[in-house]
Each structure stands twice: as structure tokens, then as C-alpha cells.
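Trainee: One structure coming up, written as C-alpha cells, with questions to follow.
The values are calculated or read from the model by the stated rules, or taken from the named source; none is laboratory data. Because the structure is a prediction, the values reported are computed rather than measured. Cβ atoms come from the backbone with ideal geometry, glycine included; neighbour counts cover every protein chain shown.
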């Protein structure tokens, strides 16, 4: 069954009615999927509540749906993972966003580090990139039946992370020169992590100064093993391990 994300303002439970009026969703629903009156769809309010709804009317501007049933979703993991991803070259970020959303990452924050190859010229260029990544996040969230819509935030400088450290139970920074400490050795001392950050470096890795700063901010350097992982692999591997150890990846 096809899934759509709808703002809570467009969900009228007292009238048993939901209105889809996002132009892209309406076009996709009618022109691409060719759904029509009587077809059923899944709708998420982007905040863990889901609906099975029947299309009762559709035109070029909106689709009106009747709520058949509603329920609280069980699809979101018990741990919030926020990925701080150094912006890589080419279209690697597309892949990172898509797969991170599939795994269960809640938020992706692009960052610019000292050795980033990509340079973002201005705010217009940044907004264009972020909008693209957000659309990829939405499509991935629909495909894998997420109950929330993971967000891609505006691009940050690496130094901006310092202000955010206090908001997390734990932040990890995979670093090739860290040989001993892995994820298991860090999380085994505490089991009630609820919000965990991951900071991933660019193709050329972090500078020594960036790693020293991160450690001074309270961020934990970790090893992902004896092999050097690519930037588009490291975040997905780290998130997968965390989801397995602290979340719902792998089942109960």
C-alpha cells in the first residue's frame, strides 16, 4: 500500500477526513500511481500516528480521503540517531541520505570540515542541495514505511557541533587512528542511551585539530575495525551497529 506524509493540520479526525494538498503528492498519486476513488492508502502524520484511508475524491489540486482506521506506529526505533555527515563530492550524499533513512536515522546534518572537497558557494546553492536531500529522505521514508519524516538540516561548520553536544547522551566520531575503543566497549557501560550522534569525516578524513577539538567537547573517538571505510560507508555502518545494539535492527 502506498504511503504519504500529511501535515497534522490536514488531518481532521473529528470529521473522519484527511486532505492531501501537496502538489507533488497529488500529482504522484493521480498521474504516476493512477490511484482513484475507492483506492486505499497509508498516511502518516509525521509524528508516529498512522492512518489507513480511502480516497473519496481527487482533482488536480487535492485528494480527499476517509479515515478507515488509525493507530500509533511501531516502526520507529527506541533510539534517536543524528548523523553529522561531512559533505562528500559527487552524488554520494544522495546515497548516504537514502540508506540512513532506511536504517532508522532520525536526522541528517550536513557539515563542512577542513578537508571537505565540496565548497558551497552561497545560501541559494546550499538550499538547493538541502531541498534535494530532503526529497530523497521523503522518498526513502515512504519506501521503508517510516512513521516520521526524517529531516535534513541546513549545512553546519564543524565548529558548530560544539554548541550541540549537551543535547546528546553520546556522540561518536569514527577515527582511523583510534585503534582500541569500539562502539561495544563504550555503550556496555550504560544501556539507556536515547539520543546518539555520529560525526563522519570527508574523503580525506578529519584533521588532527578537529579530532582534538571533538575530544575536548566530550565526543568519543571510536574505531570501526582494521579496515578504512569510505565516507559513504562509515556512517551507515556506525548507525547499523548502534541500531543493532540499542535499537530494533535485527529484531527482538
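Trainee: Which pairs have Cβ atoms under 7 Å, sit 6 or more apart or on different chains, and link a residue in the stretch 143-162 that is loosely packed, with under 13 Cβ neighbours inside 10 Å to one that is in a helix (DSSP H, G or I)?
Mentor: 154/126; 154/130
Trainee: Another question about this same structure. I'd like to verify a number: residues in the stretch 213-229 that are closer than 23 Å to residue 116 by Cβ, surrounded by 12 or more Cβ atoms within 10 Å (Cβ to Cβ), modelled with pLDDT of 95 or more and out of contact with any strand residue (DSSP E or B) (no Cβ under 6 Å at 6 or more places or on another chain), how many?
Mentor: Qualifying residue count for the region: 3.
Trainee: Take residue 236 and decide whether it is under 19 Å from the mean Cα position of the chain (by Cα), buried (at least 19 other Cβ atoms within 10 Å of the Cβ) and at pLDDT 95 or above.
Mentor: So residue 236 fits the description; yes.
Trainee: I would also like to ask the following. Looking only at the stretch 200-252, filter to residues that are free of Cβ contacts under 8 Å to residues at least 12 places away in the same chain and assigned to a helix (DSSP H, G or I); which one of those is farthest from residue 175 (Cα to Cα)?
Mentor: Among them, the one singled out is 244.
Trainee: Within the stretch 130-170, count every residue that is in contact with a strand residue (DSSP E or B) (Cβ under 6 Å, 6 or more places away or on another chain), under 19 Å from residue 95 (Cα atoms) and not in a loop (DSSP other than H, G, I, E, B).
Mentor: 7
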